[in-house]
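Single-structure report; data block below.
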Amino acid sequence: MWIVFIIFIFLLSIILTIKSKFNNYKLNIKSLIKNDKSALFMTLGTRLGVGSIVGTLSSIIIGGFSSVIWIIIFSFISTSLIYYEALLGNKYKQKINDKEYIGGPFFILQNGLKSKYLKYISLIVLIILYSFLFQMIQVNSISYIVGKTLKIKKIYIFISMAILLFVTTRLSLNDTKNIMNKVVPIKCILFFSVCIFSIITHYNDLSNSFHLLIENIFNLKSIFVGLIIGVKRSIFMNEILIGTTSVSSATDKNDINLSIKYQLFSVYFVTIINTLLITCLILIYLNKNIITNDYNILISNIFNYIYGYFGNYILIIIFILFGSTALLGGYYIFKSNIDYLFNNRVISYISKILFILIVLSGIFINNDYIWKYIDILIFIMIIINSYSIIKLIRKC
């Protein structure tokens, strides 16, 4: 099933690239730097979470290093899907007050295709997928690292995370944007600096294990398994056709072309920098160690190997920064849509409690179960959003 699906996505991406006249590969970096970057920080905050780290790790564990190649290849090809998803999100956004807009798959289906029922299905799946399951992955990894390093029982981690989530649900949508603007640049610079320092100080380890990368990439089994896993993880990390791109694009106050370029830049940033840096860290570790099958244990072991006693403390800081902005993004999508649909204080209060409880359950649930449902719901969202693009492409 996934093979057929992958072929379809590849073909659709190529067609849309031609349709866009290759605009999905054209980035004006100067204009991106000069203008309001709130939308860029919002989309980086959601895409560059703990999931973007463990996504690369899990793909290598399951599909080998060839999955990394497919992650990068597919991400480049599928930027046309990001291009049109951002375009539709901006075009069919809904004004909620004098300054703010809301958008996403729900509004594309409502305002673009006049859908009566599919719009609600897309919204329910988006909330379950991104606001719940994606965030459960975040808290699961954070709780593991914190618990292992600080020797804290899960019940105390549960209480701490509950307080953090409670504070998150007390924030206004504008507060969320302001926090993203401040935290996202810090976490990007920190993560980039830590990885580059690791590569420089452990260059010999990296070069000595580089042959493992080459051997694994050209292994026939790894190529085909890596293809499927790489594409799945690329979709997960870049949130391709999941709906978050159209949500983020709709909130952008810049003109539509600049808004789209911010979305594209975030994909290149997550794909090229994040994936390659994580791969380098794994190669450094592999010079004298072997890969474990649990990505939480693996990333912990990697930082312990590179930074010794302080490794897990550095990892805790990175995970908390990455996880907090992803949680903010997840809650933003949840709250903005619930408030728009119901505009009721009681429902808003109940939805906050529901958000906190479901996300907190990720501390105790095995990640294998979460990933299983993530793959299923991603499949559904891609079908819905592909349908929207195909039906509305002539109006773009």
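All of the numbers you see were taken from the coordinates with simple rules; none came from a lab. Everything numeric in this text was worked out from a predicted model, so none of it was measured. Methodologically, a virtual Cβ is constructed for each residue, glycine included, from the backbone with ideal geometry; neighbour enumeration extends over all protein chains shown.
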key: Note, ³J(HN,Hα) from phi for the stretch 40-47, Karplus 6.51, -1.76, 1.60, rounded to Hz, x at Gly and Pro   = 5, 5, 5, 6, 5, x, 7, 6
key: Highest average packing first - 55-65, 259-269, 18-28, Cβ atoms within 10 Å   = 55-65, 259-269, 18-28
message = Positive end of the dipole of the chain, charges at C-beta (+1 Lys, Arg; -1 Asp, Glu), about the Cα centre: which of 313, 263, 60 has its Cα farthest in that direction?
response = 263
message = Can you order the peptides 384-391, 202-209 by their average number of other Cβ atoms within 10 Å per residue, highest first?
response = 384-391, 202-209
request  = Mind telling me which of 74, 319, 379 comes out most flexible in a GNM of the chain, alpha-carbon contacts under 10 Å?
outcome  = 379
inquiry  = Which order do the peptides 212-218, 223-229 come out in when sorted by mean C-beta neighbours inside 10 angstrom, highest first?
reply    = 223-229, 212-218
note = Note: the stretch 169-215 at 37 °C, 0.692 mPa s; Kirkwood Rh on alpha carbon pairs; Stokes-Einstein D in µm²/s works out to 242 µm²/s
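Given the stretch 38-388, report the % of alpha carbon pairs whose separation exceeds 35 Å.
Values: 11989 of 61425 pairs.
When every Cα pair of the stretch 38-388 is considered, 20 percent fall beyond 35 Å.
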key: Relative contact order (%) - the chain, alpha-carbon pairs under 8 angstrom, separation at least six   = 37 percent
query = Top mean-square fluctuation among 29, 235, 374, Gaussian network model of the chain, C-alpha springs under 10 Å?
reply = 29
Extreme residue, positive dipole direction of the stretch 98-248, given options 145, 218, 246 (C-beta unit charges) = 145
Amide hydrogen neighbours beyond the local backbone of residue 101, cut-off 5 Å, H modeled = 96
key: Proximal lysines relative to residue 372, as straight alpha-carbon distance under 19 Å, when same-chain residues fewer than 8 apart are discounted   = 232
query = For the chain, modelled as a GNM with alpha-carbon contacts under 10 angstrom, which of 361, 193, 248 fluctuates the most?
reply = 193
task = Place a +1 charge on the Cβ of each Lys and Arg in the stretch 38-388 and a -1 charge on the Cβ of each Asp and Glu, then give the dipole magnitude about the Cα centre in debye, rounded to the nearest 20.
result = 700 debye
Evaluated over the stretch 233-292, the Cα radius of gyration and Dmax, each in Å = 15.9, 51
inquiry  = For the chain, what does the helix formula give at 222 nm: sum of -39500 (n - 2.57) over DSSP H segments with n ≥ 4, over the residue count, nearest 500 deg cm²/dmol?
reply    = -24500 deg cm²/dmol
query = For the stretch 258-272, what does the Karplus curve 6.51 cos²θ - 1.76 cosθ + 1.60, with θ = phi - 60°, yield as ³J(HN,Hα) per residue in whole Hz, taken in order and with x for Gly and Pro?
reply = 5, 4, 5, 5, 5, 5, 5, 4, 5, 5, 4, 5, 5, 5, 6
Per-residue HN-Hα couplings for the stretch 296-308 [Karplus 6.51, -1.76, 1.60; θ = phi - 60°; Hz; x = Gly/Pro] = 5, 5, 4, 5, 5, 5, 4, 5, 5, 5, 7, 10, x
inquiry  = Beyond a 28 Å Cα-Cα separation, which of these cross-linked pairs lie in this structure: 30/119; 19/119; 26/391; 30/352; 187/261; 19/114?
reply    = 30/119; 30/352
